[in-house]
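**Student:** Structure in structure tokens, see below.
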Amino acid sequence: MTDETTPPPSGQQPSGGFDFNRPTVIALLYIFSFATGISGIVGVILAYSWRNEAMEPWEESHYTYLIRTFWIALAGTILGMVLMIVLVGVLVIMAAAVQMLVRSVFVMVNAQKKAPMPHPETLVA
């Protein structure tokens, strides 16, 4: 009979659990930035600092992808603000928000599988 409260042996993860690894934390900060406004900046700072630390091989592509996600969303938001003059800025800002959300979800899915991001330097998803 095994005790349910005993932790699994080191290096193993309980099945069905949500792993709050570093790329997942950054992606969640990006998603929470829709409510807070500032957590996205915290996320990109963490991505830059954690990228230089020792990590699992699959994590490197996640940091590249997350950093590009932030800069793409920021550029889209700034472009959208400028284009508010011709009334299409709202659509551009909404597209930047959707792209940031989709890219963050892709990161979380692959980070839970501990799989590298395919094509981390792409512009679209």
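**Student:** With springs connecting C-alpha atoms under 10 Å apart, model the chain as a Gaussian network and identify which of Asn21, Asn110, Asn52 has the largest mean-square fluctuation.
**Tutor:** Maximum among the listed residues: Asn52.
**Student:** While we're on this one: Pairing the Cα long axis of helix 39-51 with the longest principal axis of the chain, what angle in degrees results, from 0 to 90 and rounded to the nearest 10?
**Tutor:** For 39-51 against the chain, the angle is about 60 degrees.
**Student:** Using the basic label-point model (7 angstrom from Cα toward the beta carbon), what is the Thr64 to Ile78 distance in nanometres?
**Tutor:** That separation, rounded to one decimal, is 2.3 nm.
**Student:** Can you tell me the orientation of helix 22-36 relative to the chain, as the angle in degrees between its alpha-carbon axis and the longest Cα principal axis, to the nearest 10?
**Tutor:** 40
**Student:** What's the Kirkwood radius of the chain in Å, using all Cα pairs?
**Tutor:** Answer for the chain: a Kirkwood hydrodynamic radius of 15.8 Å.
**Student:** While we're on this one: Go through Val92, Val82, Val42 and say which Cα lies farthest out towards the positive end of the charge dipole of the chain; charges sit on Cβ, +1 for Lys and Arg, -1 for Asp and Glu.
**Tutor:** Farthest towards the positive pole: Val82.
**Student:** Can you tell which of Ile67, Ile26, Ile38 shows the greatest fluctuation in a Gaussian network model of the chain with Cα springs below 10 Å?
**Tutor:** For the chain, modelled as a Gaussian network with Cα springs under 10 Å, the answer is Ile38.
**Student:** Between the helical axis of 59-82 and the dominant principal axis of the chain, each derived from Cα atoms, what acute angle in degrees is found, rounded to the nearest 10?
**Tutor:** 20
**Student:** Leaving out ligands, DNA and RNA, and with a 1.4 Å probe, what % of the accessible surface on region 49-125 is carbon or sulfur?
**Tutor:** 75
**Student:** Further question: Take Ala115 and Trp71, extend 7 Å from each Cα along the Cα→Cβ direction, and tell me the distance between the two endpoints in nm.
**Tutor:** According to this spin-label approximation, the distance is 2.7 nm.
**Student:** Something else: Dipole magnitude of the chain about its Cα centre, charges +1 at Lys/Arg Cβ and -1 at Asp/Glu Cβ only, in debye to the nearest 20?
**Tutor:** The dipole magnitude comes to about 420 debye.
**Student:** So if R0 is 25 Å, what FRET efficiency would Leu101 and Asn52 give, r being the distance between their Cβ atoms, rounded to the nearest 0.05?
**Tutor:** For Leu101 and Asn52, the calculated efficiency is 0.40.
**Student:** Just how much of Leu91 is accessible, in Å², when a 1.4 Å probe is used and the result is rounded to the nearest 10?
**Tutor:** 110
The values are calculated or read from the model by the stated rules, or taken from the named source; none is laboratory data. Remember, predicted model here, so these are calculated numbers, not experimental data. A quick note on method: Cβ atoms are made from the backbone with ideal geometry, for glycine too, and the neighbour counts reach across all protein chains shown. To get the accessible areas, we keep the full protein, side chains included, count just its heavy atoms, and leave off ligands, DNA and RNA. Shrake-Rupley method; radii C 1.70, N 1.55, O 1.52, S 1.80 Å.
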